[in-house]
Structure formats: structure tokens, C-alpha cells
Amino acid sequence: AGIALWRQIQLHLERQISSGSLKPGDKLPTEQDLARQYSVNRHTVRQAIAALEEAGLVRVEQGRGSFVREPVVDYRLSSRTRFSENISKLRRSPGGKLLRAERVTLDDSIARDLALPSGSRAILIERLTEVDGRVIGRALHYFRPELTGLIEAYRQTGSITESLKQIGVGDYRRLWTRIQARMPSAEDAMLLNLPRNRPVLLTESLNIDLSGRPLEYGYTKYSSDWVNLIVDHDYPALSGNSIGSS
């Protein structure tokens, strides 16, 4: 009918996805198997897979293959942004992995946001955030240095909010968030399982305690393949200074 072979393969796979024959998370047959199934060469199959990826129907993981894309996460940013709470409301499973927890010397811009003198040291908790077992973000949380016991509490709970409660910070709120798009570093791409040519969504934020004192500066890189950032209407005026984590 004058339709290119790769396009015919694309349409056939699209029908399998829309009908449910191929479900979210299912792995597609290998290029070799698809080439054999459709009696074409592998270059033709690659064109079809590339078109499905561009349409947002499949994701391609280097060295693992092609998979039917799962629903993206609608991650809400508001004056009360809590990672586990946000994800649980979506009826999905939050998780994470601690990369490091230590005291570090702040650069001047972060020290300024936390209302600390230049050269101050602070508490850093760096972690990967997960949804349904899949990594969606890399978060760096910088806390004021006087929050003694925070690292130990986080190692026990695995939750920022619960850790703060354990050391006496009952509640806090988001003062501002700034959102950017940026290309990932090699390390980001590896940790987020993201191609180097796919951007990350970068948020910087500042959380304050209920007295208005700066509590935590956050810096999070989200996989643009997996996350939509949604700003709630109760969100305070966006600042031009910096941005935050979950």
C-alpha cells in the first residue's frame, strides 16, 4: 500500500500496545527476533523502534532492550512537598537508596540561601529516589549544621520528614522552587539510567521551619522520561534566587 516497511512494523506494534497485548513494562522482542518475525533487516526494525520511542510508547535501555513505557509520575510541587506522601497518593510505591550522608563545606550560594556565613559546613544527605523500584531522581539535601542526629535518624527511617520529626522538627514548608532543564552529566545518566542526549528536570528549592528560618536547600535532578513536575496553585511566588528537592 506504499507504506514503508519500518512504518508498518511501528503501526503493528502500536496496535499491540493499545490493545494490551503488550503491557506497560513488557520487554519487546530483540531486534534480531523482530527482524526474523517481519522478514526485514535489523536497520528497518531500529527505525520502527526509534519511531515508537519518539512517540513516547517505548523506552530503550542501553544493553537491556526496549520496553513498553509505564505511566510517568505526576510529581506535585507545593508549599508542602513530601516525596513519600506524594508518591503514595498516586497509589504507587516510594523508595530510595542512600548515596552518602556526611558534613560538607558549602559553596557560597548555598550558604547564603541557608543564612549561614561563607565557608560554613552543613549536613548533606544525597539519595536516589525511586517509584515502583525504578530510579526517577537524584537528590542532594543540604541541612543546617545544628540538626544533630539527622544522619543517624535518616539511616534508621529512610525518610527526610520522619528523620526531622525524630530530632524535633515537627513540620516545615517549601518557600520557593526553581525549575530548569539541563543535559545530564555522565554520572547522572548512569545513576538515572538515562541517555546522555535526554535532558533532566532540575529543581532547586528552599524549605523553612515554621518560624521562617531556612532549614534545607535541595537540589534534585529528575529523569524527564519518568517525571512530570506539577506546580500546585497554593505554591508561593517563585523566587529568582535558587531551587529544591523532594
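Among the residues of region 142-160, count how many are touching a residue at least 12 places away in the same chain (Cβ under 8 Å), hydroxyl-bearing (Ser, Thr, Tyr) and surrounded by fewer than 19 Cβ atoms within 10 Å (Cβ to Cβ).
Restricting attention to region 142-160, the residues satisfying the condition of being touching a residue at least 12 places away in the same chain (Cβ under 8 Å) are 142-145, 147-151, 153-155, 158-160.
Checking the rest, the ones that are also hydroxyl-bearing (Ser, Thr, Tyr) come to 142, 148, 154, 159.
From what's left, surrounded by fewer than 19 Cβ atoms within 10 Å (Cβ to Cβ): 148, 159.
Within region 142-160, residues that are touching a residue at least 12 places away in the same chain (Cβ under 8 Å), hydroxyl-bearing (Ser, Thr, Tyr) and surrounded by fewer than 19 Cβ atoms within 10 Å (Cβ to Cβ) number 2.
When you look at residue 79, is it open to solvent by less than 60 Å² (accessible area, probe 1.4 Å), within 21 Å of residue 173 (Cβ to Cβ) and in a loop (DSSP other than H, G, I, E, B), yes or no?
yes
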If I ask for residues that are over 22 Å from the mean Cα position of the chain (by Cα), among the charged types (D, E, K, R) and either surrounded by fewer than 16 Cβ atoms within 10 Å (Cβ to Cβ) or at pLDDT below 70 (or both), which ones from region 207-246 would you list?
213, 234
Looking only at region 84-118, count every residue that is under 18 Å from residue 205 (Cα atoms), among the aliphatic types (A, V, I, L, M) and assigned to a helix (DSSP H, G or I) and tell me the total.
2
Which of the residues spanning region 51-62 are more than 15 Å from residue 27 (Cα to Cα) and part of a helix (DSSP H, G or I)?
51, 54
Out of all the residues in region 12-51, which are surrounded by fewer than 17 Cβ atoms within 10 Å (Cβ to Cβ) and of a type in the set (A, V, I, L, M, F, W, C)?
50
Has region 47-56 got at least one residue that is at pLDDT below 90, within 24 Å of residue 221 (Cβ to Cβ) and in contact with a helix residue (DSSP H, G or I) (Cβ under 8 Å, 6 or more places away or on another chain)?
no
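The values are calculated or read from the model by the stated rules, or taken from the named source; none is laboratory data. Since the structure is predicted, the reported quantities are computational estimates derived from the model, not experimental observations. Backbone-built Cβ (ideal geometry, glycine too); neighbour counts: all protein chains shown. Surface areas here come from the heavy atoms of the whole protein model, side chains and all, with no ligands, DNA or RNA. Shrake-Rupley method; radii C 1.70, N 1.55, O 1.52, S 1.80 Å.
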